[in-house]
1. Give me the Kirkwood hydrodynamic radius of the chain in Å, from all C-alpha pairs, to one decimal place?
2. Counting only C-alpha contacts under 8 Å and six or more residues apart, can you give the relative contact order of region 2-165 as a whole percent?
3. Mind listing which trypsin sites (Lys or Arg not before Pro) in region 141-230 are in a DSSP loop and have 16 or fewer other Cβ atoms within 10 Å?
4. So the label point goes 7 Å from the Cα of V19 along Cα→C-beta, right? Which residues of region 107-144 then have their backbone N under 18 Å from it?
5. What share of all Cα pairs of region 102-236, in percent, falls into each consecutive 5 Å distance bin?
6. Per residue, what volume in Å³ does the convex hull of the Cα atoms of region 142-220 enclose?
Amino acid sequence: MMVRFGNFIYHYRNMLFPVFYLFLFVPGPELFPDYRIALGLGFSVALIGQICRVATIGLKYIIRGGKNRRVYAEDLVTTGLFAHSRNPLYVGNVLILIGLGIMSNTLLFNLVLSPLFIFFYQCIIRAEENFLRNKFGDAFDQYCADVNRWLPRLSGLGETLSSMAFNWNRVIIREYTSAYIWLSGAVLVTLNTLYKLPGQELFEQYKIPLLITLGVLLVFYLFTRYLKKSKKLRAD
């Protein structure tokens with residue numbers, strides 16, 4: 001059942017973040033009484049998620065992004081961060097979403113939407129694992145026995161990071177869109193949080209700097225997109 005649902009969700013997986021982002025702005029009971037805890041803690045969690053994605057893509061990027069919007073893989077990748085977690089990119093995605101949820105400081109998102117997001121990704125992973133097991137057989141079973149599905153194994157992580165070449169061009173090309181989306185979301189959530197405070201003094205104080213930040217992020221996104229489309233910046 002989870003595999004079938006995972007294949008269905010996989011088909012529309014690029015819509016998950018935009019749909020869940022909308023719920024970040026739904027008002028509700030607060031998670032923390034102090035908004036500063038929510039913003040600081042949430043951004044830190046999301047940043048850790050981004051670091052996971054950057055490290056994964058920079059060290060060893062996999063061709064497992066699907067084909068014709070279906071689960072697909074050319075090779076069984078077990079090096080880089082994939083030697084420590086079977087799904088480091090998804091770990092990053094979940095941490096980013098959880099971080100933004102904490103920043104929104106609403107119980108609704110953190111108690112309902114974040115667990116639902118994790119469940120959807122669990123289904124996607126089960127669908128991918130079903131594909132990989134059918135394609136790679138015993139090699140994949142042994143990989144599963146050695147490496148956790150979610151929780152990263154920290155042992156040997158430093159050696160992994162230091163032993164492999166890091167490709168920043170690949171990171172920028174592969175990651176600029178998702179980074180732009182979540183960072184813009186973080187800025188908008190911050191604006192929304194400050195707007196809801198009594199008196200709105202802090203909203204008025206930080207409104208312009210935060211809007212300028214949105215503009216800078218947009219310029220970076222458009223410039224990087226131009227470099228990619230013009231092939232002035234290549235991944236490999």
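What follows is calculated from the coordinates using simple rules that are stated; it is not laboratory data. Worth saying up front: this structure is predicted, and the values here are computed from it rather than measured. Cβ coordinates were reconstructed from backbone atoms using ideal geometry, including for glycine residues, and neighbour counts include every protein chain displayed.
1. This gives a value of 19.2 Å.
2. Relative contact order comes out at 36 percent.
3. Within region 141-230, the qualifying trypsin sites (Lys or Arg not before Pro) (loop, at most 16 other Cβ atoms within 10 Å) are R149, R153, K196.
4. What the label zone holds, given the 18 Å backbone N cut-off, is 109-128.
5. 2, 8, 10, 11, 12, 16, 16, 13, 7, 3, 2, 1, 0
6. Enclosed volume per residue, from the Cα hull, is 168 Å³.
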